[in-house]
1. Given 10 °C and 1.306 mPa s, compute D for the chain with the Stokes-Einstein relation, Rh being the Kirkwood radius over Cα pairs; round to the nearest whole µm²/s.
2. For the stretch 123-279, take every pair of Cα atoms, bin their distances at 10 Å starting from 0, and report each bin as a whole percent.
3. What angle, in degrees between 0 and 90 and rounded to the nearest 10, separates the Cα long axis of helix 131-144 from the longest principal axis of the Cα atoms of the chain?
4. On C-alpha positions alone, give me the angle between the axis of helix 60-71 and the longest principal axis of the chain, in degrees, nearest 10.
5. Could you please state, rounded to a whole Å, how far the C-alpha centre of the stretch 210-242 is from the C-alpha centre of the stretch 95-159?
6. How far is helix 2-23 tilted, in degrees, relative to the longest principal axis of the Cα atoms in the chain, given as a value from 0 to 90 rounded to the nearest 10?
7. Given H placed on each backbone N at 1.01 Å, which residues far from residue 47 in sequence or on other chains put an amide H within less than 5 Å of it?
8. Sort 169-182, 41-54, 244-257 by the packing proxy (mean of other Cβ within 10 Å over each peptide's residues), most packed first.
Amino acid sequence: MTKRVRGDKRSGRTSDRQAAAKRRPAGEYIEGRRAAAEALRTGFPIKRALVADEGSRRDAALAALVQDLREAGVAVEYVSRAALDAISSHGAHQGIVLEVGAFPYADLADIVARAGAGPALVVVLDHITDAGNFGAIVRSAEVVGAAGVVIANKRAAEVNVGSYKTSAGAVMHLPIARVPNIARALGELKAAGFWAVGASEHAEGTCWDASFEGRIALVMGSEGSGISRLVLETCDDLTKLPQRGRTESLNVAQATTALCYEWLRCNRQVLDGAAVGEA
């Protein structure tokens, strides 16, 4: 009896999310004040700004952002909060949503070119489907200075209203390439001098034992099944995070963040030296 009741509740929540998605207007959107400010600051093409009519003019921070948008020539339209709720991915629009054009995905060659000749990190996602995890991963990759992120063009989270929000606008700063075949993309990265390291709980050694120096293509698997067999076979090495507690594991976004910082730690001297040389 209990199991059937819980199943019914989950089914109801799923139906609610599906109904909300059907009500959401067609188009590409950025929600939230920080993401909107980043879009404006970076010159991301904005079609119009939709602002909550209720109380927004008394909100100094939101009013200042709206003024900046107007000065940049962006059309501003005041709408009900219900209208913004219908667009929002998680109801976290903070009173503002930007309608934008289609996201400009990069080519894998663009990421390789951006990596240059020295140490570089490319994060490769093998069918990560959760938009929240995807956005958080892009944010971590951008913060540590990765050259780009590679995703599959099917059965994977993409840049949308949710990932704009969860990445805090990082998707506007980092090249993201959509590819038809992750294993083939790894092959191209390896040909460009990258060492493909897959994160797997079945790895024999931890990231403290592996070499994260130089050009690394960090492969992270899907939330449920991990890295697929063909992609796993394409990796040069496997690694995992050290663990002493009892919790089964970190989620994929947390694990990616930890491994990105391990790459940064291992390459900090070379990267710091390159930064000094550029200055």
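Every read-out reported here was derived from the displayed coordinates using simple, explicitly stated rules and does not represent laboratory data. A quick note: this is a predicted structure, and the numbers were derived from the prediction, not measured. Virtual Cβ from ideal backbone geometry, glycine too; neighbours counted across all protein chains shown.
1. Reported coefficient: 78 µm²/s.
2. 11, 42, 37, 10, 0
3. Once rounded, one gets 60 degrees.
4. Result, in degrees: 90.
5. After rounding, the separation between the Cα centres reads 17 Å.
6. Around 70 degrees separate the two axes.
7. 99, 100, 101
8. 169-182, 41-54, 244-257
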